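Peer 1: Input: one structure, supplied below.
Bear in mind these aren't lab numbers, they're just calculated from the coordinates by the rules spelled out. Everything numeric here is computed off the predicted structure, so don't read it as measured data. All Cβ positions, even for glycine, are placed from backbone atoms using ideal geometry, and neighbour counts span all protein chains on display.
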């Protein structure tokens, strides 16, 4: 007991000088006394945010596969310990990493918020189903909490400049659509989804502007033909997915993107999993190279 | 293969203890058996945090949920007098699942803590509906069970509909549906423990009458049993236990079906012995399922609900092939 009190006192004294950083997270006010050094993140978008600052997380919920983080982000940080799947992260491994902060996703991890808080101060932000704007807001909060507010604001400003430059160069009035395809079906990403938000940021028109409520919209081939994108980008999870069945149908050739040969198969890890500033800029590059 | 009851009980308890120690010791972080005891005793142990915050509550919840589902299955098989009956068949599980998914779809911002009461309500709602629809069929157990099956199918269809229309809003609900002990902690213990503490003794009180019921409705009546009342009471007790279990862990299938059969093959038909033995078996089954869910492919956690079938089904098939007296 004495040891515990002594440690607490020491901790209090040694960190008293550093500023206490506060942000509003999805659960209310989050404040942290120290600058966190050992951070565990439970969604890919937070990896992007940390990597922008050059901070390496000690643990990532990467679904047991480190390659789900795109190389551009992975190369910026040192290797981490996998803490399991994003939907059911392994609490035992998280606690064994002895983190001093955890960044969790509101939608996936609200159920284990109390457990996470017992392990370390937990910042809970939007990640799953977040929009492009939500992501930038979350990134700014992460900057404050890591005591790197100024640097993060600067990074965001630079990101905005680069996106503006892309927007100027791209300048197209065509209709764009990104969709992911798995064995279970094809899902369109509306302007509310991250990829859709990036397109909107670049001043591109969505092929499904009427979808303002839902980020992800499951689609049939008929619906896809009706949306009729001029540029269709599909991220495939696997070799043979639902979109390959679409291709066998004569309807497929009626999509103007297919007719104009502007159909593109992209990396779903980049376009859907790794949301963040780094990913957004690579997405912008890909869009720039595909647009004729 | 009748065995001396004392031998059965001692074996079950030893098995339960072995699995419990293994459950606490194994996982993404391995703890040697001796360190497990150390971690339980002293707060200095480095494993104390993991054991006390994650593994111990999971162990207890798995055990209690398994016991509740198993007793529920035993009672339902007893009163319906059909070896295929179990809480899932009567629509309790799908009713509870439907309630949780409805909550997730129509009130997406509802606090997470609303899920267990919603499930409980759904389970009881399904039961009330079943008892109302089949109120004249209480004397005809097979017909009664069929109404339950029809209800379960209807709820299942409604669940599939909601899942198809709103595939992404219901992440939490989906996770809950597969029957998982992941993320359960001490706060979830009061959701199941009191039910079992009250209803298991009540079931034991009914044991003697259940034995009479096994002789057939007419014999039971002539021996002074109020068959209709007994049947109703047993169904309510069984369904309450199942609803409570489902409200904590989601639907963990197969436990309520296989445990009673296993125990019957060892102990015969005396419910006073069957009830505690089934409870132990159910506890062992769910504890081992949660154990394998954690250690099969760490750090990924599998839902225990998948594993109960994997563990239970082969054994069940073996039993069915070996003993032809059902």
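Peer 1: Is the shape of the range B:124-244 rounded, prolate or oblate, going by the alpha carbon gyration tensor and its root eigenvalues a ≥ b ≥ c, with a/c under 1.5 for rounded and a/b larger than b/c for prolate?
Peer 2: Values: a/c = 3.68, a/b = 1.55, b/c = 2.37.
It is oblate, given that a/c is not under 1.5 and a/b is not larger than b/c.
Peer 1: When Cβ neighbours within 10 Å are restricted to other protein chains, what is their mean count per residue of peptide B:207-214?
Peer 2: 0
Peer 1: For the protein assembly as shown, what is the percent of antiparallel DSSP beta bridges, rounded to the nearest 5?
Peer 2: Approximately 40 percent, going by the DSSP bridge assignments.
Peer 1: Under a crude label model (7 Å from the Cα following the beta-carbon direction), how far is residue B:322 from residue B:197 in nanometres?
Peer 2: 3.7 nm
Peer 1: Within 10 Å of each Cβ in peptide A:85-97, how many partner chain Cβ atoms are there on average? Round it to a whole number, please. List each step's numbers first, then the result.
Peer 2: Details: counts 5, 0, 7, 11, 5, 10, 10, 15, 6, 3, 5, 6, 0.
That works out to 6 on average.
Peer 1: Sort all Cα-Cα distances of the protein assembly as shown into consecutive 20 angstrom bins from zero, then give the percent of pairs in each bin up to the one containing the longest distance.
Peer 2: The percentages, shortest bin first, are 18, 44, 30, 9, 0.
Peer 1: Over the range B:19-134, calculate the relative contact order: mean separation of alpha carbon pairs under 8 Å at least 6 apart, over the residue count, as a percent.
Peer 2: Taking the mean separation of contacting Cα pairs over the length of the range B:19-134, I get 16 percent.
Peer 1: Please report the antiparallel percentage of the DSSP beta bridges confined to the range A:22-110, to the nearest 5.
Peer 2: Numbers: 5 of 12 bridges.
The antiparallel fraction comes to roughly 40 percent.
Peer 1: OK, next. Over all residues in A:104-114, what is the mean tally of Cβ atoms on other chains that come within 10 Å of each residue's Cβ?
Peer 2: Mean partner-chain Cβ count within 10 Å for A:104-114: 3.
Peer 1: Something else now. Divide, for the range A:60-177, the radius of gyration over alpha carbons by 2.2 N^0.38 Å, where N is the residue count.
Peer 2: The range A:60-177 yields a ratio of 1.25.
Peer 1: Right, next: Any idea how far apart residue A:254 and residue B:315 come out in nm if each label point goes 7 Å out from Cα toward Cβ?
Peer 2: 5.7 nm
Peer 1: Using mean Cβ contacts within 10 Å as the protection proxy, how do B:25-36, B:245-256 order, highest first?
Peer 2: Order by mean packing, descending: B:245-256, B:25-36.
Peer 1: Please work out the C-alpha center-to-center distance from the range A:117-146 to the range A:195-262 and express it in whole Å.
Peer 2: 30 Å
Peer 1: Please arrange A:239, A:230 by counting, for each residue, the other beta carbons lying within 10 Å of its beta carbon, fewest first. Please report the intermediate quantities before stating the final value.
Peer 2: Working: A:239 7, A:230 20.
Ascending Cβ contact count within 10 Å gives the list A:239, A:230.
Peer 1: When every alpha-carbon pair in the range B:215-326 is counted, what percent end up more than 22 Å apart?
Peer 2: 46 percent
Peer 1: Using only the Cα atoms, what convex hull volume per residue in Å³ does chain B have? Write down the numbers at each step before the final one.
Peer 2: Numbers: hull volume 45.1 nm³, N = 326.
Output value, Cα hull per residue: 138 Å³.
Peer 1: A follow-up question, please. According to the square roots a ≥ b ≥ c of the eigenvalues of the Cα gyration tensor, what is the shape class of the range A:202-292, taking rounded for a/c under 1.5, prolate for a/b larger than b/c otherwise, and oblate for the remainder?
Peer 2: Cα axes put the range A:202-292 in the rounded bin.
Peer 1: Also, quick follow-up: Please give the calculated 222 nm ellipticity per residue for chain B, where each DSSP H segment of at least 4 residues contributes -39500 (n - 2.57) and the sum is spread over every residue; nearest 500 deg cm²/dmol?
Peer 2: -23500 deg cm²/dmol
Peer 1: Calculated from DSSP H runs of 4 or more alone, at -39500 (n - 2.57) each and per residue, what is the 222 nm mean residue ellipticity of chain A, nearest 500?
Peer 2: That calculation yields -12000 deg cm²/dmol at 222 nm.
Peer 1: Sticking with this structure for a sec: May I ask you to sort A:194, B:114 by Cβ crowding, counting other Cβ atoms within 10 Å and putting the fewest first?
Peer 2: Sorted ascending by nearby Cβ count, the order is B:114, A:194.
Peer 1: What shape does the range A:195-237 take by its C-alpha gyration tensor, where a ≥ b ≥ c are the square roots of the eigenvalues and a/c under 1.5 counts as rounded, a/b above b/c as prolate, and the rest as oblate?
Peer 2: The shape class here is rounded.
Peer 1: While we're looking at this one, here's another question. Can you sort A:287, B:162, B:69 so the residue with the fewest Cβ neighbours within 10 Å comes first?
Peer 2: Lowest to highest Cβ neighbour count: B:162, A:287, B:69.
Peer 1: A further question follows. Could you sort the peptides B:277-287, A:127-137, B:84-94 by per-residue average Cβ neighbour count (10 Å cutoff), highest mean leading?
Peer 2: Ranking, from highest mean packing down: B:277-287, B:84-94, A:127-137.
Peer 1: Which order, highest average first, do A:63-73, B:141-151, A:102-112 follow once you tally other Cβ atoms within 10 Å for each residue and take the mean per peptide?
Peer 2: Sorting A:63-73, B:141-151, A:102-112 by mean packing, highest first, produces A:102-112, B:141-151, A:63-73.
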